[in-house]
């Protein structure tokens, strides 16, 4: 495990329990008890009324790192077994999934994963809030972490056979990079879409 970043900036985000915010209206499943259909080491299949969905086992959460600096963004490419192909993504990883790391914070996890996957270390990490990837079928949330003041300290590539390729992509050419990756057969993480929108390339 790498050393924590030098100057993290903690944020106030916390994932509220389901049902505490907003109103369910007339959704019949809202009051139904949640059933565990199947549970593995990392994923749990659940049912609430007629609604079937999946979540992370043991309430494990994820941190996703947005590392943009000097007009470039740090992206990774790795093989994803569920998709059966390599995927272009923002660096990311699970929080507290290792033994003896249950108390790991999102910022600590983000700093660790950024260095392991990309070889970059951030002097500043900022909690940008909690987001949901696919709320119609997945209950998992992730904390978006903004990484600043990047320093290249290693090769990256991940651990345990992850075989990660690191891409430092010019933001003005991000659309071209994504198109080329698709032509190579890569899948594109939905979070990359946000960057394309921000850059006016969609």
TODO: Go through 108, 35 for me and flag whichever is exposed (fewer than 14 other Cβ atoms within 10 Å of the Cβ) and over 24 Å from residue 181 (Cα atoms).
DONE: 35
Open item on the list: Here is a list: 22, 49, 55, 40. Which entry is within 19 Å of the chain's Cα centre (by Cα) and either under 30 Å from residue 195 (Cβ atoms) or at pLDDT 90 or above (or both)?
Closed with: 55
Open item on the list: Testing residue 119 on (1) on the phi > 0 side of the Ramachandran plot; (2) crowded, with 17+ Cβ neighbours inside 10 Å; (3) at pLDDT below 95, one condition comes back false. Which one is that?
Closed with: (3)
Task: Extreme residue, farthest from residue 162 (Cα to Cα), among residues of segment 58-94 that are without any contact (Cβ under 8 Å) to a residue 60 or more places away in the chain and assigned to a strand (DSSP E or B) - done: 94
Open item on the list: When you check residue 123 against the structure, is it within 19 Å of residue 112 (Cβ to Cβ), within 18 Å of the chain's Cα centre (by Cα) and either in a loop (DSSP other than H, G, I, E, B) or in contact (Cβ under 8 Å) with a residue 60 or more places away in the chain (or both), yes or no?
Closed with: no
- [ ] Among what's in segment 29-51 and is in contact with a helix residue (DSSP H, G or I) (Cβ under 8 Å, 6 or more places away or on another chain) and not in a loop (DSSP other than H, G, I, E, B), pick the residue that is farthest from residue 96 (Cα to Cα).
- [x] 51
TODO: Check segment 164-181 and report whether any residue there is within 17 Å of the chain's Cα centre (by Cα) and either closer than 18 Å to residue 94 by Cα or without any contact (Cβ under 8 Å) to a residue 24 or more places away in the chain (or both).
DONE: yes
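Results for (1) in contact with a helix residue (DSSP H, G or I) (Cβ under 8 Å, 6 or more places away or on another chain); (2) at pLDDT below 95; (3) surrounded by 12 or more Cβ atoms within 10 Å (Cβ to Cβ); (4) assigned to a loop (DSSP other than H, G, I, E, B), shown as yes or no for each residue.
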residue	(1), (2), (3), (4)
150	no, no, yes, no
155	no, yes, no, yes
162	yes, yes, yes, yes
167	yes, no, yes, no
173	no, no, yes, no
192	yes, no, yes, no
195	yes, no, yes, no
Open item on the list: I'm told residue 142 meets every condition in (1) crowded, with 18+ Cβ neighbours inside 10 Å; (2) touching a helix residue (DSSP H, G or I) at 6+ places or on another chain (Cβ under 7 Å); (3) under 30 Å from residue 34 (Cα atoms) except one. Can you identify the failing condition by its number?
Closed with: (2)
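The values are calculated or read from the model by the stated rules, or taken from the named source; none is laboratory data. Just so it is clear, the structure is predicted and the values come from calculations on it, not from any experiment. Because the Cβ atoms are built from the backbone with ideal geometry, glycine has one as well, and the counts that use them run over all protein chains shown.
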